[in-house]
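J.: Have a look at this one before I ask anything.
The values are calculated or read from the model by the stated rules, or taken from the named source; none is laboratory data. Here the structure is a predicted model, which means the values were calculated and not measured. No Cβ is skipped: glycine too gets one built from the backbone with ideal geometry, and neighbour counts run over all protein chains shown. For the accessible areas, the whole protein counts, side chains as well, though only heavy atoms, and no ligand, DNA or RNA atoms are used. Shrake-Rupley method; radii C 1.70, N 1.55, O 1.52, S 1.80 Å.
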Amino acid sequence: MRVRELMSTDIFVLYVDDNLLLAEEMMQLKRIRHVPVVDREGNLQGLITHRDILRVSISTIAELSSGERREAQASIRLRDIMRTHVLTISPDADIRSAARVMLDKKIGCLLVVAYRQLLGI
């Protein structure tokens, strides 16, 4: 079985110029923990995770009031906090290879990419 046969293709993405507030709200709304970040051409640029949001919130804005926190989150661009070194896999890869990568690297998602274009997760 190939990755293309099992991957999700209905992908929610954010853009590099979107902000942390939007990312947090959309992840809560959609009940997801990993969001690929793309440029306007759909090229994969990185990944934002629930853990990334917690890290930034704790280190940067934890001491702020609710209103100040939202304002600070709105000023932080995803390009500044996203993970840029993310593991990817080809849609033609064997599904066992994908599972092995996820287990070995202890990651919760694997992005499916061909020619820098995000195809699935």
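J.: How many residues does region 102-121 hold that are surrounded by 14 or more Cβ atoms within 10 Å (Cβ to Cβ) and over 15 Å from Met7 (Cα atoms)?
T.: Residues in region 102-121 being surrounded by 14 or more Cβ atoms within 10 Å (Cβ to Cβ) and over 15 Å from Met7 (Cα atoms): 1 in total.
J.: Which of the residues belonging to region 62-121 are over 21 Å from His50 (Cβ atoms), in a strand (DSSP E or B) and β-branched (Val, Ile, Thr)?
T.: Hits for region 62-121 are Ile89, Val113.
J.: Of all residues in region 35-54 being under 15 Å from the mean Cα position of the chain (by Cα) and among the charged types (D, E, K, R), which is least open to solvent (accessible area, probe 1.4 Å)? Please lay out each step first, then the result.
T.: Initially, region 35-54 is screened for residues under 15 Å from the mean Cα position of the chain (by Cα), giving 35-39, 42-54.
Imposing the further condition that a residue be among the charged types (D, E, K, R) reduces the set to 39, 51-52.
Working: Asp39: 30, Arg51: 177, Asp52: 4 Å².
Only one residue tops the list, namely Asp52.
J.: Which numbered condition trips up Arg70, out of (1) over 29 Å from Asp94 (Cβ atoms); (2) open to solvent by 100 Å² or more (accessible area, probe 1.4 Å); (3) out of contact with any helix residue (DSSP H, G or I) (no Cβ under 8 Å at 6 or more places or on another chain)?
T.: Condition (3) is where Arg70 drops out.
J.: Just one of Ser90, Ser57 is hydroxyl-bearing (Ser, Thr, Tyr) and surrounded by 17 or more Cβ atoms within 10 Å (Cβ to Cβ); which is it?
T.: Details: Ser90 fails: surrounded by 17 or more Cβ atoms within 10 Å (Cβ to Cβ).
On inspection, the qualifying residue turns out to be Ser57.
J.: Still on this model: Write out, first by first residue and then by second, each pair whose Cβ atoms fall under 6 Å of each other, whose residues are 6+ apart or on separate chains, and whose first residue, in region 96-112, is free of Cβ contacts under 8 Å to residues at least 40 places away in the same chain while the second is part of a loop (DSSP other than H, G, I, E, B) and open to solvent by less than 60 Å² (accessible area, probe 1.4 Å).
T.: Pairs that qualify, where the first residue is free of Cβ contacts under 8 Å to residues at least 40 places away in the same chain and the partner is part of a loop (DSSP other than H, G, I, E, B) and open to solvent by less than 60 Å² (accessible area, probe 1.4 Å), are Met102/Leu110.
J.: Could you tell me whether region 4-12 includes any residue that is exposed (fewer than 14 other Cβ atoms within 10 Å of the Cβ) and either in contact with a Phe, Trp or Tyr (Cβ under 6 Å, 6 or more places away or on another chain) or assigned to a helix (DSSP H, G or I) (or both)?
T.: Kept after step one, since they are exposed (fewer than 14 other Cβ atoms within 10 Å of the Cβ), are these residues of region 4-12: 5-6, 8-10.
Of the ones still in play, those that are also either in contact with a Phe, Trp or Tyr (Cβ under 6 Å, 6 or more places away or on another chain) or assigned to a helix (DSSP H, G or I) (or both) are 5.
Checked against the condition, which is being exposed (fewer than 14 other Cβ atoms within 10 Å of the Cβ) and either in contact with a Phe, Trp or Tyr (Cβ under 6 Å, 6 or more places away or on another chain) or assigned to a helix (DSSP H, G or I) (or both), region 4-12 yields at least one hit.
J.: Looking at (1) open to solvent by less than 60 Å² (accessible area, probe 1.4 Å); (2) over 12 Å from Asp17 (Cα atoms); (3) among the β-branched types (Val, Ile, Thr), find the lone condition where Ile81 falls short.
T.: Of the numbered conditions (1) open to solvent by less than 60 Å² (accessible area, probe 1.4 Å); (2) over 12 Å from Asp17 (Cα atoms); (3) among the β-branched types (Val, Ile, Thr), the odd one out for Ile81 is (2).
J.: Scan (1) open to solvent by 30 Å² or more (accessible area, probe 1.4 Å); (2) in a loop (DSSP other than H, G, I, E, B); (3) under 19 Å from Tyr115 (Cα atoms); (4) not charged (D, E, K, R) for the single condition Ile32 breaks and write down its number.
T.: (3)
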